[in-house]
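Asks: Sharing a structure here in structure tokens format.
The values are calculated or read from the model by the stated rules, or taken from the named source; none is laboratory data. Since the structure is predicted, the reported quantities are computational estimates derived from the model, not experimental observations. Here Cβ is always computed from backbone atoms with ideal geometry, including for glycine, and neighbour counts include all displayed protein chains.
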């Protein structure tokens, strides 16, 4: 008697519900690859145009979608040349200004990422600053292996910062570029100059410090006295911020507070900063300053007057103001 093998019936299961990230990817694909309108996408996903617009914005903000525009705007090119000539820069990158602070930062980040992807070379040590602007740069950078590469923090970190820390910047860059990461395992501000000097004698800290000073390429931003992460989380003391203002500070670079001409101000905080010094920056072969927006204008100008950067990446409105000032 022939008996057929018992059949196995696999029960049908409901397809998993899209997560928010999957929905962002689906919407981005339909919009950028499928060329559907936002209204058509809204119909497909059973939603509305407002939500589709928000999902597209979120996919760009997270770095899921990276935009490269293979064209150069003539007014921006003219400003690049004017900036380079006026401030003695090796190069400048100027992007169209965004409609608000966040979009402006994202645009500058894209401009910086495009520039850096052409400048990074095998065997380099890349020194990295910190801040929301540098995070925007990393979000726009393509994932790519450059060969042996080192990424090193140019400054200490913060014990508390809910949005981003120096460790995140180095780690994210190392993951994107398959680089070895080196961190300052100390806070950016310590209790006294004596403590700072002692810390810099510790082997682990001294080795990172020396590696950072010898970077082939440094990428950093500068911060104003109102919204920078250093002011908000590193100082967190309105009275001390007022003291910095009275001492002539217009903002900071790597935690060092500068006056309008880019010189370090005479203030105890600057002597307690664990970071590559402003004088060290001048000795690095290529320093890329990524900075723009109205609130950062004074500190960006100060950095240029101090002749720290060899390359500036900024927005069109900031570039125009820098070129027009007497």
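Asks: For residue 297, work out the one condition from (1) under 26 Å from residue 170 (Cβ atoms); (2) under 19 Å from the mean Cα position of the chain (by Cα) it doesn't fulfil.
Replies: Only one criterion is unmet by residue 297, namely (1).
Asks: Shifting gears a bit: In the stretch 194-222, which residue that is touching a helix residue (DSSP H, G or I) at 6+ places or on another chain (Cβ under 6 Å) and at pLDDT 95 or above is surrounded by the fewest Cβ atoms within 10 Å (Cβ to Cβ)?
Replies: So the residue we want is 213.
Asks: Same structure, new question: Please verify whether residue 142 is surrounded by fewer than 23 Cβ atoms within 10 Å (Cβ to Cβ), at pLDDT below 90 and closer than 28 Å to residue 226 by Cβ, treating the condition exactly as stated.
Replies: Working: surrounded by fewer than 23 Cβ atoms within 10 Å (Cβ to Cβ): yes; at pLDDT below 90: yes; closer than 28 Å to residue 226 by Cβ: no.
Considered against the rule, which asks whether it is surrounded by fewer than 23 Cβ atoms within 10 Å (Cβ to Cβ), at pLDDT below 90 and closer than 28 Å to residue 226 by Cβ, residue 142 comes out as no.
Asks: Checking the structure you have, find out if any residue of the stretch 311-325 is over 17 Å from the mean Cα position of the chain (by Cα), on the phi < 0 side of the Ramachandran plot, in a helix (DSSP H, G or I) and buried (at least 24 other Cβ atoms within 10 Å of the Cβ).
Replies: Yes, that holds for at least one residue.
Asks: Continuing with the same structure: Residues in the stretch 216-226 that are part of a loop (DSSP other than H, G, I, E, B) and within 16 Å of residue 112 (Cβ to Cβ): how many? I'd like the intermediate steps shown before the answer.
Replies: Just the residues of the stretch 216-226 that are part of a loop (DSSP other than H, G, I, E, B), to begin with: 216, 221-222, 224-226.
With within 16 Å of residue 112 (Cβ to Cβ) added as a condition, the list becomes 221-222.
Qualifying residue count for the region: 2.
Asks: Restricting to the stretch 246-269, name every residue that is part of a helix (DSSP H, G or I) and in contact with a helix residue (DSSP H, G or I) (Cβ under 9 Å, 6 or more places away or on another chain). Full working, then the answer.
Replies: Step one: of the stretch 246-269, the residues part of a helix (DSSP H, G or I) are 246, 268-269.
Result: 268, 269.
Asks: Being over 22 Å from the mean Cα position of the chain (by Cα) and within 25 Å of residue 207 (Cβ to Cβ) is the filter here, so list the residues in the stretch 248-268 that pass it. Give the derivation first.
Replies: Within the stretch 248-268, the subset over 22 Å from the mean Cα position of the chain (by Cα) is 248-249, 259-261, 263-268.
264, the sole residue that qualifies.
Asks: For the stretch 163-191, which residues satisfy the criterion of being in contact with a helix residue (DSSP H, G or I) (Cβ under 8 Å, 6 or more places away or on another chain) and assigned to a loop (DSSP other than H, G, I, E, B)? Show your work before the answer.
Replies: If we filter the stretch 163-191 for residues that are in contact with a helix residue (DSSP H, G or I) (Cβ under 8 Å, 6 or more places away or on another chain), which is where we start, we get 163-164, 168-169, 172-173, 176, 179-186, 188-190.
Listed by number, the residues that qualify are 163, 164, 179, 183, 184, 185, 186, 188, 190.
Asks: Next question. Taking the stated definitions as given, is residue 212 within 21 Å of the chain's Cα centre (by Cα), assigned to a helix (DSSP H, G or I) and in contact (Cβ under 8 Å) with a residue 40 or more places away in the chain?
Replies: On the way: within 21 Å of the chain's Cα centre (by Cα): yes; assigned to a helix (DSSP H, G or I): yes; in contact (Cβ under 8 Å) with a residue 40 or more places away in the chain: yes.
Criteria met by residue 212.
Asks: While we're here: Taking residue 243, is it touching a residue at least 24 places away in the same chain (Cβ under 8 Å), more than 17 Å from residue 282 (Cα to Cα) and under 20 Å from the mean Cα position of the chain (by Cα)?
Replies: Working: touching a residue at least 24 places away in the same chain (Cβ under 8 Å): yes; more than 17 Å from residue 282 (Cα to Cα): yes; under 20 Å from the mean Cα position of the chain (by Cα): no.
So residue 243 does not fit the description; no.
Asks: Of (1) modelled with pLDDT of 95 or more; (2) buried (at least 18 other Cβ atoms within 10 Å of the Cβ), residue 269 satisfies all except one. Which?
Replies: Residue 269 satisfies all of (1) modelled with pLDDT of 95 or more; (2) buried (at least 18 other Cβ atoms within 10 Å of the Cβ) except (1).
Asks: Also: Going residue by residue through the stretch 155-171, is there one that turns out to be farther than 16 Å from residue 234 by Cβ and either touching a residue at least 60 places away in the same chain (Cβ under 8 Å) or in the same structural domain as residue 269 (by TED's automatic domain parsing) (or both)? Break it down stepwise before answering.
Replies: First, pick out the residues of the stretch 155-171 that are farther than 16 Å from residue 234 by Cβ: 170-171.
Right, trim to either touching a residue at least 60 places away in the same chain (Cβ under 8 Å) or in the same structural domain as residue 269 (by TED's automatic domain parsing) (or both) and you get 170-171.
Checked the stretch 155-171: at least one residue is farther than 16 Å from residue 234 by Cβ and either touching a residue at least 60 places away in the same chain (Cβ under 8 Å) or in the same structural domain as residue 269 (by TED's automatic domain parsing) (or both).
Asks: Could you count how many residues in the stretch 64-119 are part of a loop (DSSP other than H, G, I, E, B) and either out of contact with any strand residue (DSSP E or B) (no Cβ under 8 Å at 6 or more places or on another chain) or over 27 Å from residue 32 (Cα atoms) (or both)? Full working, then the answer.
Replies: Going through the stretch 64-119, the residues part of a loop (DSSP other than H, G, I, E, B) turn out to be 64-73, 88-90, 96-100.
Subset that is either out of contact with any strand residue (DSSP E or B) (no Cβ under 8 Å at 6 or more places or on another chain) or over 27 Å from residue 32 (Cα atoms) (or both): 64-73, 88-90, 99-100.
Total meeting the criteria: 15.
Asks: Given the structure, is residue 42 assigned to a helix (DSSP H, G or I), under 34 Å from the mean Cα position of the chain (by Cα), at pLDDT 80 or above and closer than 22 Å to residue 140 by Cβ?
Replies: Values: assigned to a helix (DSSP H, G or I): yes; under 34 Å from the mean Cα position of the chain (by Cα): yes; at pLDDT 80 or above: yes; closer than 22 Å to residue 140 by Cβ: no.
So residue 42 fails the test.
One line per residue, one yes/no per condition, for (1) free of Cβ contacts under 8 Å to residues at least 12 places away in the same chain; (2) more than 30 Å from residue 324 (Cα to Cα); (3) surrounded by fewer than 13 Cβ atoms within 10 Å (Cβ to Cβ); (4) in contact with a helix residue (DSSP H, G or I) (Cβ under 7 Å, 6 or more places away or on another chain):
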{"position": "35", "(1), (2), (3), (4)": "yes, yes, yes, no"}
{"position": "40", "(1), (2), (3), (4)": "yes, yes, no, no"}
{"position": "47", "(1), (2), (3), (4)": "yes, yes, no, no"}
{"position": "52", "(1), (2), (3), (4)": "no, yes, no, yes"}
{"position": "56", "(1), (2), (3), (4)": "no, yes, no, yes"}
{"position": "66", "(1), (2), (3), (4)": "no, yes, no, yes"}
{"position": "76", "(1), (2), (3), (4)": "no, no, no, yes"}
{"position": "80", "(1), (2), (3), (4)": "no, no, no, no"}
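Asks: Going by the structure shown, is residue 281 assigned to a strand (DSSP E or B), assigned by TED's automatic domain parsing to the domain that holds residue 117 and under 21 Å from residue 92 (Cβ atoms)?
Replies: Values: assigned to a strand (DSSP E or B): no; assigned by TED's automatic domain parsing to the domain that holds residue 117: yes; under 21 Å from residue 92 (Cβ atoms): yes.
Criteria not met by residue 281.
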